[in-house]
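Data block below; observations after.
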Amino acid sequence: MMRSMPALTSDITSAVIAAGRRHSIGVRSDGTVVAAGSSRAEECQVQTWEHVVTVAVGNVHTAPNTGRSHTVALTTHGALLATGWNGDGQCEVSSWTGVAAVAAGWRRTVAVLEDGTARAAGRPNEGACNVASWTDLRGVAAGDWHSVGLRRNGTVLAVGNNRRGQCDVSEWSGVQAVAAGYLHTIALTDRGTVLCVGDHTAGLHGLARWGNVVSIAAGSHHSVGVTSDGRVYAAGDNSHGQCDVGHWRDVVQVSAGSQHTIALRADGHVLASGSNSSGQCEVTDWLLTGPNRPSR
C-alpha cells in the first residue's frame, strides 16, 4: 500500500517547476514566475507573467544543433502565455481558450481542453501534432518528437516518432500521470509503480523496481521519480550528475531537463543537479512559497 504524502499547505500545492534544454522555470504560489538560465534567452522572459497555475518548457536533447526553446504557461482563466523560440509557430497559442493542461516539446505545444479534447501547434514533420482525434483526456506529455495523452479512464495514447517504441503505450491501464523524453515514455500507475517504453539508455531497465512513487519526470536520457516519503529516484544518463539526487529529502515535485534535474521541497525551496552550462541550475535562492515571495 502506498503511504500518503504529508499534509501540504495550499502554498506548496500551487507552486510548480519545469526544466528544459538550458533553462528552469518556477511558478510561485502567488502566480508569478521566475526563470534561471541565460538572461538574454527569450524563453526566460517571464518576469511580467501573472495568474499562472502551471508551466511547461520546450525540451530537446543536447546536441550541437539544439539549444533554443520556449516556455508556455496556463493561467487561471484557462488561457496560455508563451515566449521563446517560435520557428514552427509553437508559441502561437494566445488565442486558445478553455485550456485545462499543457505540455511543451521540441518545437511543439500540446494542450488538453476542458472538454477533454486536445490541440497542438508547432512542427508537423513527425506527426506529433496529430492529436485532433483525441478525446476524454485529463493529461498530456510532449517528448522531442512524440506526444502522449492520458485518458480519464487511465489508458494512454501516443503519436509521432516511434523509432525506439516510445509510442507503444496502447496496452497500458491504471495510469495517473505520463512523462515523455527524447526517445522514451514513462507512466505512473495508481499503484505507485512506473511503466516505461522506448530507448533503454534512459534507465528504463531499473524503473520496474521503483515503488511508492507519487510523481515522475522524464529528461532527454534520464528518468526521475518522487516517493511518498519525499525521496527521489533517478535512472539513466548521469554524465552531468543529473541523477545524483538520492540524498534529496522532503521533495514534493520534480522536473527533468535535457541534462539537469530540479526538485521542489515541501518548504518551497528548489534543488538542482546536473549541467549548469547556461545557469539553469542556479535555483537555490528561489522560494516559491511563503512570506518571502514578491508582491505584485
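The values are calculated or read from the model by the stated rules, or taken from the named source; none is laboratory data. Remember, predicted model here, so these are calculated numbers, not experimental data. Methodologically, a virtual Cβ is constructed for each residue, glycine included, from the backbone with ideal geometry; neighbour enumeration extends over all protein chains shown. Ligands, DNA and RNA are excluded from the accessible area calculation, which covers all protein heavy atoms including side chains. Shrake-Rupley method; radii C 1.70, N 1.55, O 1.52, S 1.80 Å.
Between the entries (i) 50; (ii) 69; (iii) 44, the label attached to percent of Cα pairs over 24 Å apart calculated for this structure is (iii). Only helices enter this figure: runs of n ≥ 4 DSSP H residues, each worth -39500 (n - 2.57), summed and divided by the residues of the chain, yield -500 deg cm²/dmol at 222 nm to the nearest 500.
Extending 7 Å from the Cα toward the beta-carbon at both Arg191 and Thr66 defines two label points whose distance is 3.3 nm. For the stretch 112-230, what does the alpha-carbon gyration tensor say about shape, rounded, prolate or oblate, given a ≥ b ≥ c as the root eigenvalues, a/c under 1.5 as rounded, and a/b over b/c as prolate? Oblate shape, in that a/c is at least 1.5 and b/c is the bigger or equal ratio. Sorting the segments 206-215, 98-107 by their residues' average number of neighbouring beta-carbon atoms within 10 angstrom, most packed first, yields 98-107, 206-215.
According to the square roots a ≥ b ≥ c of the eigenvalues of the Cα gyration tensor, what is the shape class of the stretch 193-284, taking rounded for a/c under 1.5, prolate for a/b larger than b/c otherwise, and oblate for the remainder? Cα axes put the stretch 193-284 in the oblate bin. Using only side-chain charges placed at the Cβ, +1 for Lys and Arg and -1 for Asp and Glu, the dipole size of the chain relative to its Cα centre rounds to 160 debye. Counting 0.36 nm for each residue step from Asn86 to Asp244 and taking away their Cα separation leaves a gain of 53.6 nm.
The stretch 32-85 and the stretch 216-261 have Cα centres lying 21 Å from one another. A simple spin-label model places the labels of Thr284 and Thr76 3.4 nm from each other, with each point 7 Å out along Cα-to-Cβ. Leaving out ligands, DNA and RNA, and with a 1.4 Å probe, what % of the accessible surface on the stretch 226-274 is carbon or sulfur? Ligands and nucleic acids excluded, carbon and sulfur give 41 percent. For a test of the definition: using alpha carbon positions, the gyration tensor, and the 1.5 limit on a/c, classify the stretch 46-182 as rounded, prolate or oblate. Taking the square roots of the gyration eigenvalues as a ≥ b ≥ c, the stretch 46-182 is oblate.
The label point for His51 and the one for Arg138, both projected 7 Å from the Cα toward the Cβ, are 2.7 nm apart.
Rounded to the nearest 0.05, what FRET efficiency is calculated for Arg152 and Ala208 with R0 set to 30 Å and r the Cβ-Cβ distance?
Values: r = 26 Å, r/R0 = 0.86.
After rounding to 0.05, the efficiency reads 0.70.
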